[in-house]
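Asks: Mind looking over this structure? Questions follow.
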Amino acid sequence: MYKQRKLFDSFNYAIEGVMYVLKTQKNMRLHFLCGLFVLLLGIYFNLSKVELILLLLTICFVFITEMLNTSIELVIDLITNEFHPLARIIKDISAGAVLVASVNAVLVGYLLLLTVLHGKNFYSNIEYIKQRPLHIVFISLFVVVAGVMFSKASSGRGKPLRGGMPSGHSAISFSIWMVTFFLSKNILIVTLVFLLAVFIAQSRLKLGYHSRKEVIAGALLGISLTSFVFYFFKF
């Protein structure tokens with residue numbers, strides 16, 4: 001039990017590190033939104049597995065360099081508050097690494113996305129995704145998780161896996177319910193999944209991890225974003 005608890009805390013600390021950079025660094029929030037948008041475009045344009053892997057690696061590379069840049073700046077500020085030429089050079093080099101990664105991301109995005117516009121039909125891409133419900137489910141859950149992370153980073157309260165606005169558990173559980181609502185024709189299954197989502201939301205209240213407002217906000221976020229994705233593809 002202790003090892004499991006320690007493993008959970010390790011994940012929580014790691015996610016807290018990511019959330020700290022999102023909360024404090026405007027550039028990281030911009031990278032996050034751009035990365036999410038470009039990744040969704042990659043799915044929309046039906047890029048191959050190799051192309052999507054390359055796109056993911058490029059996005060993660062930008063995130064990692066931004067996080068390392070923030071870490072280096074914090075270490076320097078911890079060591080000294082006085083101006084030092086070497087400290088300025090170190091910060092400039094770490095910022096330059098982010099710039100190189102960002103330029104590389106723009107070039108990769110151009111080669112992978114903009115070039116596929118030639119000869120591509122937007123409606124044919126939508127039809128392709130509509131015929132593959134798994135794609136829509138992935139996009140829905142991805143957008144909901146990203147929305148929860150961005151909202152928690154903006155509010156600056158709670159931990160990544162516990163507390164804060166909104167409730168991530170509530171958002172994901174009600175998102176899964178909406179997925180079931182759109183894909184399943186069995187009323188019993190839809191009802192059971194809805195009850196399960198309610199129980200999960202209720203458990204966050206009972207354990208004291210979230211307020212009623214945070215749970216309701218999470219449920220509405222999951223429902224609205226999932227509905228928007230399905231409506232966009234007119235499933």
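The values are calculated or read from the model by the stated rules, or taken from the named source; none is laboratory data. On a predicted model such as this, the values are computed, not experimentally measured, just so you know. Neighbour counts are summed over all protein chains in view; Cβ atoms, including those assigned to glycine, are modelled from backbone coordinates with ideal geometry.
Asks: How many residues, within segment 23-39, are under 15 Å from the mean Cα position of the chain (by Cα) and over 22 Å from residue 103 (Cβ atoms)?
Replies: Summing the residues that are under 15 Å from the mean Cα position of the chain (by Cα) and over 22 Å from residue 103 (Cβ atoms) in segment 23-39 gives 1.
Asks: A follow-up question, please. Return the residues of segment 6-39 that are β-branched (Val, Ile, Thr) and in contact with a helix residue (DSSP H, G or I) (Cβ under 8 Å, 6 or more places away or on another chain); say none if nothing qualifies.
Replies: If the condition is that a residue be β-branched (Val, Ile, Thr) and in contact with a helix residue (DSSP H, G or I) (Cβ under 8 Å, 6 or more places away or on another chain), then 18, 21, 24, 38 are the ones that fit.
Asks: While we're on this one: Any residue that is among the hydrophobic types (A, V, I, L, M, F, W, C) and modelled with pLDDT of 75 or more - is there at least one of those in segment 114-132? Give the derivation first.
Replies: Step one: filter segment 114-132 for residues among the hydrophobic types (A, V, I, L, M, F, W, C), giving 114, 116-117, 122, 126, 129.
So of that shortlist, the ones also modelled with pLDDT of 75 or more come out as none.
So far as segment 114-132 goes, no, none of its residues is among the hydrophobic types (A, V, I, L, M, F, W, C) and modelled with pLDDT of 75 or more.
Asks: Would you check which residues across segment 36-82 are surrounded by 16 or more Cβ atoms within 10 Å (Cβ to Cβ) and of a type in the set (Ser, Thr, Tyr) and list them?
Replies: Of everything in segment 36-82, those that are surrounded by 16 or more Cβ atoms within 10 Å (Cβ to Cβ) and of a type in the set (Ser, Thr, Tyr) turn out to be 44, 58, 65, 70.
Asks: For residue 37, state whether it is in a helix (DSSP H, G or I), among the hydrophobic types (A, V, I, L, M, F, W, C) and in the same structural domain as residue 110 (by TED's automatic domain parsing).
Replies: Answer is yes for this residue.
Asks: Does residue 27 satisfy the condition of being outside any helix (DSSP H, G or I) and surrounded by fewer than 18 Cβ atoms within 10 Å (Cβ to Cβ)?
Replies: When the stated conditions are applied, residue 27 does not pass them.
Asks: Also, quick follow-up: Tally time: how many residues in segment 38-61 are without any contact (Cβ under 8 Å) to a residue 12 or more places away in the chain and small (Gly, Ala, Ser)?
Replies: Matching residues across segment 38-61 total 1.
Asks: Please state which of the following conditions residue 69 fails to meet, knowing it meets all the rest: (1) closer than 22 Å to residue 108 by Cα; (2) within 15 Å of the chain's Cα centre (by Cα).
Replies: (2)
Asks: Quick check on my filter: what residues within segment 40-56 are part of a helix (DSSP H, G or I), in contact with a helix residue (DSSP H, G or I) (Cβ under 8 Å, 6 or more places away or on another chain) and not small (Gly, Ala, Ser)?
Replies: Correct list: 40, 43, 44, 51, 52, 54, 55, 56.
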